[in-house]
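Engineer: My questions all concern the structure below.
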Amino acid sequence: MDALLDFMRGPLLAFALMVLILGLARQVILGLWGIGESLHRASDRQIPFGRVIRTTMTWVFPVTRLHRSKPVFSYASFFFHLGVILSALFLQEHIDLLSGLGLSWPSIPRPLIDWIALLGLAGLIIILLYRIYVRQSRAVSGFLDYFILVLLILTVGMGYLAGQSWNVIPYKVTMLIHMGTGATILVLFPFTKLAHCALYPLVRLSSEVGWRFTQEGGSDVVKTLWGPEGRKI
């Protein structure tokens, strides 16, 4: 078991991080390339970048919008993102894993980081229950949505338990589950909805560019709807 743990901390983690970084970089490059092509063909290229940035930031940090629609789901989603991101980036043990690459930054001390992880775990469980029991959410949820949520719950839950002295599960077992599910999530990131972590800042810009049609855009729409003869009004 020790050899398996060493493999997960070493080669498996390195592979998962490589897939994560290269995969997300590919998604961002393709997104920017598409935006650039659309902007090149657009008749109006005057993009209000200031407004786009402000709108994007209000949704990246949506603290003033959480209560407006589906407040239970909105707050659970916010706390899930906050808890998982902070506990993943600022847990000392996670930082130590990257010390071999010469990377280091301040950590959040315990027990504060434990409470942050629990906050993220609670948000994940609420979101899973919401997808199971709320009809509208269940209707748009597929297998992968549930699978990713279960993986995240296992990763955060086992990671939290591994750091507790009262953990009734053997430490090595919790770490195997934690690292195995965590590596799976890292590999899945660029190929699932999780990629929104990198693509979300481009959403507002792509929407702004997408509505700036080409010079022949109106005629092309008419031809698509009514054929080459168009339609007399």
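Readers should treat all values here as calculations from the given coordinates under stated rules, not as data from a laboratory. Only a predicted model underlies this, so the values are computations on that prediction, with no experimental measurement involved. We place every Cβ from the backbone using ideal geometry, glycine too, and count neighbours over all the protein chains shown.
Engineer: Considering the options V156, A76, H94, tell which one lies farthest towards the positive end of the dipole of the stretch 73-159, charges being +1 on Lys and Arg and -1 on Asp and Glu at the Cβ, about the Cα centre.
Structural biologist: The one lying farthest along the dipole's positive direction is A76.
Engineer: Here is a further query. Which of the peptides 176-184, 127-135, 92-100 is most tightly packed, and how do the rest follow, judged by the mean count of other Cβ atoms within 10 Å per residue?
Structural biologist: On the way: 176-184: 19.4, 127-135: 14.6, 92-100: 12.7.
Ranking the peptides 176-184, 127-135, 92-100 by packing returns 176-184, 127-135, 92-100.
Engineer: Stretched out fully, how many nm does the piece from Y200 to V72 gain, at 0.36 nm a residue minus the Cα gap? Walk me through the numbers before you get to the answer.
Structural biologist: Values: separation 128, 0.36 × 128 = 46.08 nm, distance 2.20 nm.
The Y200-V72 span can extend by a further 43.9 nm.
Engineer: Another question, if that's okay. Once a ≥ b ≥ c are taken as the square roots of the eigenvalues of the Cα gyration tensor of the stretch 89-144, is the result rounded (a/c under 1.5), prolate (a/b larger than b/c) or oblate (a/b not larger than b/c)? Intermediate results must be reported in sequence, preceding the final value.
Structural biologist: Working: a/c = 5.65, a/b = 2.30, b/c = 2.45.
Verdict is oblate for the stretch 89-144.
Engineer: Additional query: Taking a ≥ b ≥ c as the square roots of the eigenvalues of the Cα gyration tensor of the stretch 97-210, is the shape rounded (a/c under 1.5), prolate (a/b larger than b/c) or oblate? Write out the running numbers ahead of the final one.
Structural biologist: Details: a/c = 2.01, a/b = 1.32, b/c = 1.52.
Oblate, since a/c reaches 1.5 and b/c is not below a/b.
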